[in-house]
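A.B. asks: To start, I am sharing the structure in question, which I have written as structure tokens.
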Amino acid sequence: MDPAPLLLAGLFRAHRTTPRQTSRRLQTAARDIRDARRLLKTDPAWAAALALQGALAALRALAFHAGLRPVVGPREEDAVAQFAAAAFGPQAQEEVAFLVRVGQAKRRAADPAGYRVAREEALAAVTAADRFLRQARNRLSIQPSLW
């Protein structure tokens, strides 16, 4: 993967990382995805929001390992989506876009009680986030038994 286009686009900056930073991001991702699974039946919107956070944490871990740090702010999710596409292909960028759409339903709602996320969409979000975590671990050659 060539990081130059992501750096030139201003979506990332060069970043020296430690194995501990990468490991902590993966641990955060695993925790968020585990919690999202628990919430699927009772609160699909929260489950989708946690799935989004878990996927973003897993992709940030992979970006850190590649020497990149995503910009902070409103462009961060777009940056991570483009990184996913560079790392895993265009389908990954579509999955991140789906996660952002479903995962932000709670945030976008003007009335907190008015948001709705279908259980099937939340399940798809959790499944996609789990896939990103597994792919990140595989790329980093970290065994799931360590977590």
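The values are calculated or read from the model by the stated rules, or taken from the named source; none is laboratory data. Since we're looking at a predicted model, the values are computed, not measured. Quick reminder, even Gly has a Cβ in these numbers, built from the backbone with ideal geometry, and neighbours come from all protein chains shown. Note: accessible area is taken over every heavy atom of the protein model, side chains too, but ligands, DNA and RNA are not part of it. Shrake-Rupley method; radii C 1.70, N 1.55, O 1.52, S 1.80 Å.
A.B. asks: Would you pick out the residues in segment 1-35 that are farther than 20 Å from residue 138 by Cβ, not β-branched (Val, Ile, Thr) and not in a helix (DSSP H, G or I)?
C.D. replies: If the condition is that a residue be farther than 20 Å from residue 138 by Cβ, not β-branched (Val, Ile, Thr) and not in a helix (DSSP H, G or I), then 2, 9, 10, 11, 12, 13, 14, 15, 16 are the ones that fit.
A.B. asks: Just for segment 82-103: of the residues that are in contact (Cβ under 8 Å) with a residue 12 or more places away in the chain and more than 13 Å from residue 55 (Cα to Cα), which one is least open to solvent (accessible area, probe 1.4 Å)?
C.D. replies: Only one residue fits best here, namely 87.
A.B. asks: Residues 48, 79: which one is out of contact with any Leu (no Cβ under 7 Å at 6 or more places or on another chain) and either free of Cβ contacts under 8 Å to residues at least 60 places away in the same chain or in a helix (DSSP H, G or I) (or both)?
C.D. replies: Every option except 48 fails the conditions.
A.B. asks: Pick from segment 51-71 the residues that are open to solvent by 10 Å² or more (accessible area, probe 1.4 Å) and not in a helix (DSSP H, G or I): which of them is nearest to residue 9 (Cα to Cα)?
C.D. replies: Ranking the candidates gives 71 first.
A.B. asks: Restricting to segment 61-104, name every residue that is β-branched (Val, Ile, Thr) and within 21 Å of residue 20 (Cα to Cα).
C.D. replies: 71, 72, 80
A.B. asks: What about residue 38, is it closer than 22 Å to residue 121 by Cα, open to solvent by 40 Å² or more (accessible area, probe 1.4 Å), of a type in the set (Lys, Arg) and not in a loop (DSSP other than H, G, I, E, B)?
C.D. replies: The answer is yes for residue 38.
A.B. asks: If residue 74 satisfies every condition in (1) open to solvent by 30 Å² or more (accessible area, probe 1.4 Å); (2) assigned to a helix (DSSP H, G or I) but one, which is the exception?
C.D. replies: Every condition holds for residue 74 apart from (2).
A.B. asks: Output the qualifying pairs, or none if there are none: Cβ atoms under 6 angstrom, residues six or more apart or on different chains, first residue in segment 4-15 and closer than 14 Å to residue 64 by Cβ, second residue open to solvent by 50 Å² or more (accessible area, probe 1.4 Å) and not β-branched (Val, Ile, Thr).
C.D. replies: 13/69; 15/69
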